[in-house]
Amino acid sequence: MITNQLDENRIRQRISDIRNRIEIAAKKAGRSADQINLMAVTKNVLPEYVNIAIGEGVRLLGENRAQELISKHDFYNLDGVDIHFIGHLQRNKVKKIIDKVSMIESVDSEHLAEEISRCCLKIGRKMPILLEVNVGNEKTKSGFAVDEIFEAARIVSKMPGVEIKGLMAIPPKENVLHHFKKIWDIYIDISLKNIDNISMDFLSMGMSADFEQAIAYGANIVRIGGLIFKDM
Ligand SMILES: *Cc1c(COP(=O)(O)O)cnc(C)c1O
């Protein structure tokens, strides 16, 4: 055991503070905090620390890298806890992770969706996925461009091994409110189209620096790393 009481208390306190802030942000937006899922993002965090967060009631983990997920997975206390994949996923890694996650949030191409669908059909399941929107059309980020997302949703919705459950985004830091609003608008537009095999249940946006603003624009998964695990 490499953790100590001090670390444990710190993580507990941080999670409690985040929950209070979610509560306040939700109330301000006229929403219920119960609808908002707090995800602990575990990149570069040792499983012992992640388990403290789980002990504090966190029920959703976010993993960025396939290799890291595979190597840490067995050390997590996963009873009642879901893992979502949230990083750029190479097609050749799909089959190694699909039995370890309950959702892939970072579906950023039709090819990737196709591979997830193919692998899931083989093992007789359907993978819930979110489509990642590159809302700022940034060259350095993955995700569907805003002008591709509707067509992509239509195409991916026909793939039998996946079910589209919503959108995920990492907006640019500049003008973040504008971008959250734009993602919300796309989310609503797609849901109003009533496409078979699409149910827009989840909007995953907002991180340590901006989760309260994301909540104001309808996020129901906030992905928090640093604010929980910094310096652990
Ligand atoms: C790292 C990461 C986060 C968490 O970011 P923080 O600023 O540490 O809260 C959220 N989402 C994705 C996709 C990430 O890679």
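The values are calculated or read from the model by the stated rules, or taken from the named source; none is laboratory data. As the structure is a computational prediction, the values presented were derived from the model and not from experiment. We place every Cβ from the backbone using ideal geometry, glycine too, and count neighbours over all the protein chains shown. These accessible areas exclude ligands, DNA and RNA; they are computed on the full protein's heavy atoms, side chains included. Shrake-Rupley method; radii C 1.70, N 1.55, O 1.52, S 1.80 Å.
To the nearest Å, what is the center-to-center distance of the stretch 1-22 and the stretch 78-113, using C-alpha atoms only?
Their Cα centres are 27 Å away from one another.
Quote the charge dipole size of the chain about the Cα centre in Debye, to the nearest 20; the model charges only the Cβ of Lys and Arg (+1) and of Asp and Glu (-1). Could the numbers behind the result be given before it?
Numbers: 32 positive and 32 negative charges, 25 e Å.
Once rounded to the nearest 20, the dipole reads 120 debye.
Of the cross-linked pairs Lys139/Lys193; Lys95/Lys158; Lys27/Lys139, which ones have a Cα-Cα span greater than 27 Å in the structure shown? It would help to have the intermediate numbers written out before the result.
Details: Lys139/Lys193 29 Å; Lys95/Lys158 20 Å; Lys27/Lys139 36 Å.
The pairs that break the limit, which is 27 Å between Cα atoms, are Lys139/Lys193; Lys27/Lys139.
Rounded, prolate or oblate: pick one for the stretch 77-232, where a ≥ b ≥ c are the square roots of the eigenvalues of its C-alpha gyration tensor, a/c under 1.5 means rounded, and failing that, prolate if a/b is larger than b/c, else oblate. Write down the numbers at each step before the final one.
Values: a/c = 1.69, a/b = 1.18, b/c = 1.43.
Oblate.
At 0.36 nm per residue, minus the direct Cα-Cα distance, what do Thr140 and Asn197 gain on full extension? Give it in nm, one decimal, please.
Working: separation 57, 0.36 × 57 = 20.52 nm, distance 3.03 nm.
Fully extending the segment from Thr140 to Asn197 adds 17.5 nm.
If all Cα-Cα distances of the stretch 1-84 are sorted into 5 Å bins from 0 onward, what percent lands in each bin, rounded to whole numbers?
In order of increasing distance, the bins hold 3, 14, 24, 22, 18, 11, 6, 2, 0 percent.
According to a simple spin-label model (label point 7 Å from Cα along Cα-to-Cβ), what is the distance in nm between Thr3 and Ile24?
Each label point is offset 7 Å from its Cα along the Cβ direction, giving 2.6 nm.
Need one word for the stretch 1-144: rounded, prolate or oblate. Basis is the Cα gyration tensor (sqrt eigenvalues a ≥ b ≥ c); a/c below 1.5 gives rounded, then a/b vs b/c decides.
oblate
Just subtract the alpha-carbon distance of Asp189 and Arg59 from 0.36 nm times their residue separation and send over the number in nm, one decimal.
Details: separation 130, 0.36 × 130 = 46.80 nm, distance 2.95 nm.
Length gained, Asp189 through Arg59: 43.9 nm.
Mind ranking Glu132, Glu174 by accessible surface for me, highest first, 1.4 Å probe?
Working: Glu132 10, Glu174 130 Å².
Solvent-accessible surface, decreasing: Glu174, Glu132.
Probe radius 1.4 Å, ligands and nucleic acids ignored: give me the carbon and sulfur share of the accessible area of the chain as a rounded percent. Working shown, then result.
Numbers: 5490 of 11190 Å².
Here it works out to 49 percent.
At 7 Å along Cα-to-Cβ for each site, give me the label-to-label distance between Lys95 and Ile70 in nm.
Once both label points are built, they end up 1.2 nm from each other.
Using the heavy atoms of the protein chains alone and a 1.4 angstrom probe, what is the accessible area of the chain per residue in square angstrom? Please report the intermediate quantities before stating the final value.
Working: 11190 Å² over 232 residues.
For the chain, the per-residue accessible area is 48 Å².
Report the paramagnetic label zone for Gln13: residues of the stretch 210-232 whose backbone N is under 18 Å from a point 7 Å from Cα along the Cα-to-Cβ axis.
Those under the cut-off are 226-232.
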